[in-house]
Every structure is written in C-alpha cells, then in structure tokens.
Amino acid sequence: MTEGQAHDGRSGADIVDSIGKGQTLLADRGYDSDGRRDRLAARGAVANIHLMPARKRCSAFDFDLYKQRNQVERFFSKLKHFRAVATRYDKRDDNFIASIQLASLRICLRTYEPVS
C-alpha cells in the first residue's frame, strides 16, 4: 500500500517484480514503456499494455484480453461508492483493507441477490 498522494508509477515497478513466468500484465497506456516490457520479457511474462498513440515500436496486443480489464476497473468504480474506501477514512492499513473487504463482500452479495 502506498500513500494516497503517491503516483501509480512508483508502485508499477513492484507490480512488474511480482509477475512470474507465464503470467500476463494487463495495463493501460500509463504503464507503456520499453523498459517495463523488456523487464517482463526477461521474467518470462507477457505484457498486454495498450499502446501509446505516438509509439514507434509496436508490440503484440490482444484487444479481447484487454477488454477483460474493464471488469476490474468497474469493480474499483463500485468500491469508490463506499465513503470509507473513497476517502480512506481509516488511516491504518489493516483497517483500510478490512473496509475494502467489507465493501467488496457487499458488492458481491448485491450481485447474487434474488430479485422478486
């Protein structure tokens, strides 16, 4: 977990280091760089990152796989409807993660509610 004001790029290196052989990184254009792609390839992983429009060296890109990333983005959007998560009301990491888990559980239970 990083501070609320920290840029995603700081934790991007940690994300790449946690991906192992045979895994795929699904990321948006903000994570598109030759260095990041080379580091993933050296680890035996695949990068499925949407290309920057001005990119000269084009890499393979699976648009159907990238569409699945949308489900994760939508889930984060639903999480942000919970005030304790959106404002990070709890300052301790363990309490904040518990808030995320409770909100996630409520979202999942809402999905499986019977409609009568």
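The values are calculated or read from the model by the stated rules, or taken from the named source; none is laboratory data. Note that the structure is predicted; figures quoted are calculated from it, not measured. Every residue, glycine as well, gets a Cβ built from its backbone with ideal geometry; the counts of neighbours run over all protein chains shown.
Step by step: first the residues of the range 38-63, then only those that are part of a helix (DSSP H, G or I) and modelled with pLDDT of 85 or more, then the one that is surrounded by the fewest Cβ atoms within 10 Å (Cβ to Cβ). Which residue is that? Walk me through it before giving the result.
Within the range 38-63, the subset part of a helix (DSSP H, G or I) is 38-43, 63.
Subsequent filtering for residues that are modelled with pLDDT of 85 or more retains 38-43.
Details: Asp38: 11, Arg39: 16, Leu40: 19, Ala41: 12, Ala42: 8, Arg43: 17.
Out of the qualifying residues, it is Ala42.
Got at least one residue in the range 75-93 being loosely packed, with under 10 Cβ neighbours inside 10 Å, hydroxyl-bearing (Ser, Thr, Tyr) and either free of Cβ contacts under 8 Å to residues at least 40 places away in the same chain or in a helix (DSSP H, G or I) (or both)?
The answer is yes, given that some residue of the range 75-93 is loosely packed, with under 10 Cβ neighbours inside 10 Å, hydroxyl-bearing (Ser, Thr, Tyr) and either free of Cβ contacts under 8 Å to residues at least 40 places away in the same chain or in a helix (DSSP H, G or I) (or both).
Within the range 28-57, which residues are within 25 Å of Gln71 (Cβ to Cβ), in contact with a Lys or Arg (Cβ under 8 Å, 6 or more places away or on another chain) and of a type in the set (Gly, Ala, Ser)?
Hits for the range 28-57 are Ala45, Ala47.
Quick one: what pairs do we get from the range 35-47, first residue within 16 Å of Cys58 (Cβ to Cβ) and small (Gly, Ala, Ser), second surrounded by fewer than 16 Cβ atoms within 10 Å (Cβ to Cβ) and modelled with pLDDT of 85 or more, C-beta under 9 Å, 6+ apart or different chains?
Note: pairs meeting the criteria are Ala47/Thr24; Ala47/Ala41.
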